[in-house]
Structure formats: C-alpha cells, structure tokens
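Novice: Please find one structure pasted underneath; my questions will follow.
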Amino acid sequence: MEYSTALADQARTGDAHAFASLYELIYQDLYRFALYTLKNTHDAEDAVSDTVTDAFHEIHSLQKPESFKAWIFRILTAKCKQKLKSYLNKTEELNEELPVHTPDLSEQMDVRNAFFSLNDEDRLILSLHIFGGYSSREIGQLMTMNDATVRSRQSRALKKLQDILH
C-alpha cells in the first residue's frame, strides 16, 4: 500500500499520471463493486467512469493519501445509489408473452430505504461484503480499519436493517 499512498499524495498535487496509475491499480475493484451493486454492465461502466471523473476533479480534497481507496469507493457508492434511484423511475415495454410475475415492490422499496438509511461507511461495508464478496480482512485493508471493527460495524448495520424492516 505504500506505493499507492505515494501515488495518492502525488495525485493530490495535480499529477495526472499518478492519478492514472492509481486508477489502474483499483479499476477492477471499482468495476466489480459497481457491477455487483447495479447488475448491469453499462450502468456499472458509467458509474465507474463518473466516479473517476469526480475523483480526479476532487483529488485535492483527499485528506489522507492512505485512505484513497476508501475515499474513491465512497464516491462510487454515491454514484451507484443515484443509479439505483433512477431505476425506480425507469419504464420499459414488456413483451405480452412473458409470464406475469408481480414482485412485491413495497417490500423492495422498504429494503432499499432501510439500506440507504444507514450511514455512508456502513453502507459501503455492507455493499463490499454482500455485493462485492469481500472478506472483513479485505474490507479492513481497503478502508484502513481493523477487520474486527469491520465485522462489528457490519453486524450492527445488519441488526439495524433487521430492526427497521421488522
């Protein structure tokens, strides 16, 4: 991580090549997270692209270079949240021959609203674990946290979701 911390520090000073190198290091993780969250390749690519653009323009606001990965994942989480909200307003024509399946939209909305009621960091931890398949150790490294702290935060966030939904 020392290498990427040095790159993040250089990128904060406006070094575009350092930012590009950082992007190269984390692109797959960003894309995987967006794809698991959005379940659509085009939307995942758009979310990652928008994230990288915003991150490049705001890199000067990064407080701790060692937190670059967590910082950019928070931006990506916000982009995915915006995209998920846009899904609610999306309409498509259905083929009349398709079998009718009526999902419980009320329940889906309750789950989404409960999920988005969590604070940003807890949502990120749950998203990385549930959608991204990351272990608590990997999330801890990504977010510069102890893996026991990650497990504790994850457990509390899941309990909060359960309380909200029941």
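Novice: Applying the selection to segment 129-143, what residues are surrounded by 15 or more Cβ atoms within 10 Å (Cβ to Cβ) and assigned to a helix (DSSP H, G or I)?
Specialist: HIS129, SER136, GLU138, ILE139, GLY140, GLN141, LEU142
Novice: Turning to a different aspect of this structure: Which helices (runs of 4 or more DSSP H) sit wholly inside segment 29-128 and have at least 2 residues that are under 27 Å from ALA148 (Cβ atoms) and at pLDDT 90 or above?
Specialist: So the answer is 68-88.
Novice: Restricting to segment 42-67, name every residue that is surrounded by fewer than 19 Cβ atoms within 10 Å (Cβ to Cβ) and of a type in the set (D, E, K, R).
Specialist: Of everything in segment 42-67, those that are surrounded by fewer than 19 Cβ atoms within 10 Å (Cβ to Cβ) and of a type in the set (D, E, K, R) turn out to be GLU45, ASP46, ASP50, ASP54, GLU58, LYS64, GLU66.
Novice: Which is of a type in the set (Phe, Trp, Tyr) and more than 14 Å from the chain's Cα centre (by Cα), of PHE19, PHE73, PHE33?
Specialist: Within the list PHE19, PHE73, PHE33, the selection yields PHE19.
Novice: Right, another one. Give me the pairs: first residue in segment 140-156 and touching a residue at least 12 places away in the same chain (Cβ under 8 Å) and under 15 Å from ILE130 (Cβ atoms), second residue polar (S, T, N, Q) and surrounded by 14 or more Cβ atoms within 10 Å (Cβ to Cβ), beta-carbon distance under 6 Å, and six or more apart or on different chains, which are they?
Specialist: VAL150/SER136; ARG151/SER136
Novice: Sticking with this structure for a sec: Six or more apart or on different chains, Cβ atoms under 7 Å: show the pairs whose first residue is in segment 24-44 and touching a residue at least 40 places away in the same chain (Cβ under 8 Å) and whose second is of a type in the set (S, T, N, Q) and in a helix (DSSP H, G or I).
Specialist: LEU30/THR51; PHE33/SER127; THR37/SER127
Novice: Continuing with the same structure: Can you tell me which residue is nearest to ASP163 (Cα to Cα) among those in segment 113-139 that are hydroxyl-bearing (Ser, Thr, Tyr) and touching a residue at least 40 places away in the same chain (Cβ under 8 Å)?
Specialist: Of everything passing the filter in segment 113-139, SER117 is nearest to ASP163 (Cα to Cα).
Novice: Further question on the same structure: Across segment 68-84, what is the number of residues that are surrounded by 21 or more Cβ atoms within 10 Å (Cβ to Cβ) and among the aliphatic types (A, V, I, L, M)?
Specialist: 2
The values are calculated or read from the model by the stated rules, or taken from the named source; none is laboratory data. This is a predicted model, so every value here is computed, not measured. Cβ coordinates were reconstructed from backbone atoms using ideal geometry, including for glycine residues, and neighbour counts include every protein chain displayed.
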